[in-house]
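Some notes on the structure that comes next.
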Amino acid sequence: MATKAKTKADRNSERKSSRTQSTNREKESKGAAQNAFDVLEHDHREVEEWLDEYDELERDDERKADLAEKICMALKVHAQIEEEIFYPAAREATKDDDLLNEAIVEHATVKNLIAEIEDMEIGEELYDAKIRVLGEMVKRHIREEEEELFPELQSAKMDLDAVGMELAERKQELMEKMEA
């Protein structure tokens, strides 16, 4: 579905405001370990930026290929650390199986679409459409996590700092492994 320029501008403005708030939080906690929300929100903003940049490109196949690779790798790593570390801790803290089960199903759908994208070449029919649909799915998933799950966890007994440290360490391991 085509996006109107004003809607895109409004969305970018909202995202920049959100990033500024996130950056301010990171500056405040500089030197201290990031909590789970900081680690995950950083990933969210990074992928959103790449998706928006991809969406704005028209004929730069080299840049599109680079962005698609970054998006797919970041999402695979992000999904893995959430499934291995964050979701089990969140499930234990909240006992909210419905929200977490939906998130896992959404991850599976995203992973399937990523696999399809990775099996294609830039410029193939439906390539851009698959990236855009991936973006829509991921952005909806991010909204649900940040607006529903994170607030629920804020009041639950979950050690966000310890989980954040574990997420950051595992993310680093996975990124090094994938880049090798």
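Out of everything in segment 126-157 that is within 14 Å of residue 38 (Cβ to Cβ) and crowded, with 17+ Cβ neighbours inside 10 Å, what residue ends up being nearest to the chain's Cα centre (by Cα)?
145
Among the candidates 113, 99, single out the residue that is closer than 25 Å to residue 34 by Cβ and surrounded by 13 or more Cβ atoms within 10 Å (Cβ to Cβ).
Selected residue: 99, the only one of 113, 99 that is closer than 25 Å to residue 34 by Cβ and surrounded by 13 or more Cβ atoms within 10 Å (Cβ to Cβ).
From 115, 168, grab the single residue that is within 18 Å of residue 78 (Cβ to Cβ), touching a residue at least 40 places away in the same chain (Cβ under 8 Å), within 17 Å of the chain's Cα centre (by Cα) and not in a loop (DSSP other than H, G, I, E, B). Can you show your working first?
Numbers: 115 fails: touching a residue at least 40 places away in the same chain (Cβ under 8 Å).
So the residue among 115, 168 that is within 18 Å of residue 78 (Cβ to Cβ), touching a residue at least 40 places away in the same chain (Cβ under 8 Å), within 17 Å of the chain's Cα centre (by Cα) and not in a loop (DSSP other than H, G, I, E, B) is 168.
Can you name the residue in segment 158-180 that is within 27 Å of residue 113 (Cα to Cα) and in contact with a helix residue (DSSP H, G or I) (Cβ under 7 Å, 6 or more places away or on another chain) and is also surrounded by the fewest Cβ atoms within 10 Å (Cβ to Cβ) among such residues?
Looking at the filtered set, the residue picked out is 178.
Being among the aromatic types (Phe, Trp, Tyr), closer than 21 Å to residue 134 by Cβ and either at pLDDT 95 or above or surrounded by 14 or more Cβ atoms within 10 Å (Cβ to Cβ) (or both) is true for just one of 37, 86. Which residue is that?
Just one listed residue meets the conditions, 86.
Quick check on my filter: what residues within segment 40-53 are touching a Leu at 6+ places or on another chain (Cβ under 9 Å) and within 28 Å of residue 85 (Cβ to Cβ)?
Once the filter is applied, which keeps residues that are touching a Leu at 6+ places or on another chain (Cβ under 9 Å) and within 28 Å of residue 85 (Cβ to Cβ), segment 40-53 yields 40, 43, 47, 50, 51.
Restricting attention to segment 56-96, which residues are over 19 Å from residue 36 (Cβ atoms) and not in a helix (DSSP H, G or I)?
Scanning segment 56-96 gives 57, 58, 59, 60.
The values are calculated or read from the model by the stated rules, or taken from the named source; none is laboratory data. Keep in mind the model is a prediction, meaning the values are calculated, not measured. So basically every Cβ, Gly included, is an ideal-geometry build from the backbone, and we count neighbours across all protein chains shown.
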